Amino acid sequence: MAVTTTSVAAGGLGKIVGDAVIAFNKTNVMLPLVTAVQAVKGANTVQFPDYTKVASSSVRTNSDDAEGADTSTITSITTAARSATVGEHIIRADVTDLARMGSADDIVGNTGDILGNAVGAKLDADLTALGTGFSQTECGAGELLAISHVFGAMRQLRSAGAPFPYNLVLSAKQVWGPKGLISLTHNTALDTAGSSTTDTATARAIGVLGSKGEEALNTGMIGSFAGFDVYWSDQINENQGGGGDAAGFAFSKGAIGLGIGSEGLFRLESQRDASKRATEYVAVGFWGEVEIKDAFGVYILSDVS
């Protein structure tokens, strides 16, 4: 069964590939935030070196070694190898000729959009899942997210010597929910009047925590908070362990590595199956993910139920 290539069906396939790539970039959150390296031709493994931090106590003073004397104490520069093995992430959809001919919509083009979005979401799901593995934690199961937890994550990253920028990646409920980040910047209490038997609660003007509260009111989002660039992903589990807790996290870029296939991250191809009177569309993502430096990430589990 012959495979239709772009040289044969450049018109239709070109539109599908373009749509899918655009959808992939819009869907994915984590790709620009992690350390990404493309594998070389002939290899499916990308190795990231993890350098051990050298403490200031390793630096000697004049009292340790006399002037002009040979310094006999040697400090080792050590690294650990963190490897990401590239694998395939595949989704397929078949569009029959009759469905294509009978559809007033661009079903072929929309198929590319859907497959691209799905692969982009899968990449986010794989990368955000690594956030649950960080040893350093803030907040916890059944606990409400507080501003102190965000600053606590900052403290832990700074103590580890993690380089900027710092990213805070949360679930939708951890950002916009009643127990989320935006709620921490506002006071939504009610002023009540009249007797307790009548429903006369009157909402007062919403209290705002400075410019961050105003930003949230105007845009529905907080772009940065407490030194973090704030992002959200709908691939973060909001029922971790079945307890109604969302598995957000904070990290520096060096915490997570992404190995990309030697021929690129994403591919969308079509194949004609005449006996089925249909065209097969297959989207494939080529990547592998790995935690590089545990101390450069903080797991932020919080109650969103």
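Every read-out reported here was derived from the displayed coordinates using simple, explicitly stated rules and does not represent laboratory data. All values reported here derive from a predicted model rather than from experimental measurement. All Cβ positions, glycine included, derive from the backbone under ideal geometry; neighbour counts span all protein chains shown.
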Local electrostatic count at LEU301 - Lys and Arg +1, Asp and Glu -1, tallied over other residues with Cβ under 10 Å: -4
Extreme residue, positive dipole direction of the range 238-305, given options ALA278, ALA246, SER305 (C-beta unit charges): ALA278
Between the modelled labels at VAL37 and VAL282 (7 Å from Cα along Cα→Cβ) the distance in nm is 3.0 nm
Protection proxy (average C-beta count within 10 Å per residue), highest first, orders 141-154, 279-292 as 279-292, 141-154
Applied in sequence order to the range 44-58, the curve 6.51 cos²θ - 1.76 cosθ + 1.60 (Karplus, θ = phi - 60°) yields integer Hz couplings, x standing for Gly and Pro, of 10, 10, 10, 10, 10, x, 10, 7, 6, 5, 9, 6, 5, 5, 7
Of the options ALA118, LEU130, LEU98, report the single residue whose Cα projects farthest towards the positive end of the charge dipole of the range 90-143 (beta-carbon charges: Lys, Arg +1; Asp, Glu -1). LEU98
Do any of LYS253/LYS293; LYS179/LYS212; LYS41/LYS253; LYS173/LYS212 go past 21 Å between their Cα atoms, and which? LYS41/LYS253
By its C-alpha gyration tensor, with a ≥ b ≥ c as the square roots of the eigenvalues, how is the range 232-279 shaped: rounded for a/c under 1.5, else prolate for a/b larger than b/c, else oblate? oblate
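Work out the length of the dipole vector of the range 247-296 about its Cα centre, built from +1 on the beta-carbon of each Lys and Arg and -1 on the beta-carbon of each Asp and Glu, and round it to the nearest 20 debye.
Charge dipole, the range 247-296, about its Cα centre: 200 debye, nearest 20.
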